[in-house]
Amino acid sequence: MAAMDGEAKLDLRDVRAVGKKFFHVLYPKEKKSLLKEWDLWGPLILCTFMAMILQGSTDIADSSNDGGPEFAEVFVIVWIGSMVVTLNSKLLGGNISFFQSVCVLGYCLLPTAIALILCRIILIVQQSSLLFTLRLVISMIGFLWATYASMAFLGDSQPTGRKALAVYPIFLFYFVISWLVISHTT
């Protein structure tokens, strides 16, 4: 029984750690919080959540594809994209480990995931150009927030003269994810 109590405390401690990291992404002031004790739980949760929401129609009666990305496509875009951005960071001379960078990029998907939820809620209403504009603005805010948060954590790990070279792939990574959100929430 004592072993089970220890495991329950450990699991709750892990959930709290993930929650704290999500908070640091929402309020990116403490720059070292995601880098000290990296994990891939938050990125895995966000990636899986976004892939499930963005996945095409699963209605058996509707056998045609609605044009939405499949689960594996979203999963691969997120993980391969974050690995490419991380590899770029390392090749530019960044002083951050591979898994720390993947952790930060994955946790910083939170604003984009929030934008995805809001866009899906807006889709409940009959669509108009005003609602599309609202979804576009929400997606852009999520994109900018994710890019800003990731740069708040990763910016100091890059050499001074190469920060712009490190920002551009991060910008593209979150842009592609945000494009998925706005284009496949129909």
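A few points about this structure:
- Ordered by solvent-accessible area of protein heavy atoms (1.4 Å probe), largest first, the residues Phe71, Phe173 come out as Phe71, Phe173.
- Computed E for Lys90/Leu130 - FRET, C-beta separation, R0 35 angstrom, nearest 0.05: 0.20
- Solvent exposure, largest accessible area first (probe 1.4 Å, DNA, RNA and ligands not counted), of Trp179, Trp79, Trp145: Trp179, Trp145, Trp79
- Estimated vicinal HN-Hα couplings, Hz - segment 133-143 in sequence order (Karplus 6.51, -1.76, 1.60; Gly, Pro = x): 4, 4, 4, 5, 5, 4, 5, 5, 5, x, 4
- Applied to segment 157-164, the Karplus parametrisation 6.51 cos²θ - 1.76 cosθ + 1.60 on θ = phi - 60° returns per-residue 3J(HN,Hα) values of 7, 9, x, 4, x, 10, 5, 5 Hz, with x for Gly and Pro.
- Förster radius 22 Å - calculated FRET efficiency between Val167 and Met140 (Cβ-Cβ, nearest 0.05): 0.80
- Integer Hz, Karplus 6.51/-1.76/1.60 couplings in order for segment 13-22, x for Gly and Pro: 5, 5, 5, 5, 5, 5, x, 5, 5, 4
- Residues in segment 67-89 reached by a label modelled at Leu123 [backbone nitrogen below 19 Å; 7 Å Cα→Cβ]: 67-78
- Estimated FRET transfer efficiency when R0 is 30 angstrom, pair Tyr148-Leu40 (beta carbons, to 0.05): 0.85
- Share of Cα-Cα pairs in segment 98-186 lying beyond 15 Å, as whole percent: 58 percent
- Protein-only accessible surface at a 1.4 angstrom probe places the residues Met50, Met151 in the order Met151, Met50, largest first.
- Modelled spin-label separation between Ala17 and Ile114, with each label point placed 7 Å from Cα along the Cα-to-Cβ direction: 2.4 nm.
- Computed with a 1.4 Å probe on the full set of protein chains, the accessible area for Lys36 sits at about 140 Å².
- For Val15, the accessible area of its heavy atoms, probed at 1.4 Å with every protein chain present, is near 100 square angstrom.
The values are calculated or read from the model by the stated rules, or taken from the named source; none is laboratory data. No experiment lies behind these values; they were computed from the predicted model shown. Note that we place each Cβ from the backbone using ideal geometry, even for glycine, and neighbour counts take in every protein chain shown. Only protein heavy atoms, including side chains, enter the accessible area calculation; ligands, DNA and RNA are left aside. Shrake-Rupley method; radii C 1.70, N 1.55, O 1.52, S 1.80 Å.
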